[in-house]
Amino acid sequence: QVQLVESGGGLVQAGGSLRLSCAASGGAFSSYAMGWFRQAPGKEREFAATISRRGEYTYYADSVKGRFTISRDNAKNTVYLQMNSLKPEDTAVYYCAAAGGLLVARKKNEYDYWGQGTQVTVSS
């Protein structure tokens, strides 16, 4: 059983930056592809970014490509999401998730474990 705890959310002005962290425990972190999803009020949870087990592959949703960067530190059992040039439409609860047995994962149903989420609010 893998436990995931996100941190780093908050309130930021448009154009600003935030760095989210997700600390994992209870499992072999380096054996999981990791991802970040987000859910805005009244909308479905959507894919934002994913990173392969050793970090050699990353994929992004078109809406965040060029602005967000996913990375991981397997020695610290932590995955990060650096968010730059934030826009009001990036406002959402951000969730990290772990997918076992896959190189990368871009669909919600490919993920086995989820964190509780961290709120990101971007003011205009």
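The values are calculated or read from the model by the stated rules, or taken from the named source; none is laboratory data. Predicted, not measured: the structure shown is a model, and the values here were computed from it. Every residue, glycine among them, receives a Cβ derived from its backbone with ideal geometry; neighbour counts consider all protein chains shown. Quick note on the areas: whole protein, heavy atoms, side chains included, nothing else; ligands and nucleic acids left out. Shrake-Rupley method; radii C 1.70, N 1.55, O 1.52, S 1.80 Å.
The simple spin-label model puts a point 7 Å past each Cα toward its Cβ; for ARG54 and GLU89 those points are separated by 3.7 nm. Taking a straight Cα-Cα cut-off under 21 Å and skipping sequence neighbours fewer than 8 places away in the same chain, the lysines within cross-link reach of LYS108 are LYS43, LYS65. Each Lys and Arg contributes +1 and each Asp and Glu -1, all at the Cβ; summed about the Cα centre of the chain, the dipole is approximately 120 debye.
Taking amide hydrogens as placed 1.01 Å from N in the peptide plane, the amide H of GLY100 sits under 5 Å from those of ASP112, each at least 5 positions away in sequence or on another chain.
Restricting the stretch 33-124 to chymotrypsin sites (Phe, Trp or Tyr not before Pro) that sit in a DSSP loop and have at most 14 other Cβ atoms within 10 Å of their own Cβ leaves TYR57.
When you restrict to C-alpha pairs under 8 Å that are six or more residues apart and normalise by the size of the chain, the relative contact order lands at 36 percent. Using the Karplus relation 6.51 cos²θ - 1.76 cosθ + 1.60 with θ = phi - 60°, the per-residue 3J(HN,Hα) values for the stretch 109-118 come to 6, 8, 9, 9, 9, 9, x, 8, x, 9 Hz, with x marking Gly and Pro.
Computing FRET efficiency as 1/(1 + (r/R0)^6) for ARG67 and LYS108, where r is the C-beta to C-beta distance and R0 is 22 Å, gives about 0.50. Would you work out what percent of the accessible area of the chain, with all protein chains in place, is carbon or sulfur (probe 1.4 Å)? Reported share for carbon and sulfur atoms: 45 percent.
Couplings 3J(HN,Hα) for the stretch 32-47, derived from phi with the Karplus relation 6.51 cos²θ - 1.76 cosθ + 1.60 (θ = phi - 60°), are 10, 5, 10, x, 10, 10, 9, 9, 8, x, x, 10, 6, 5, 10, 5 Hz, where x marks Gly and Pro.
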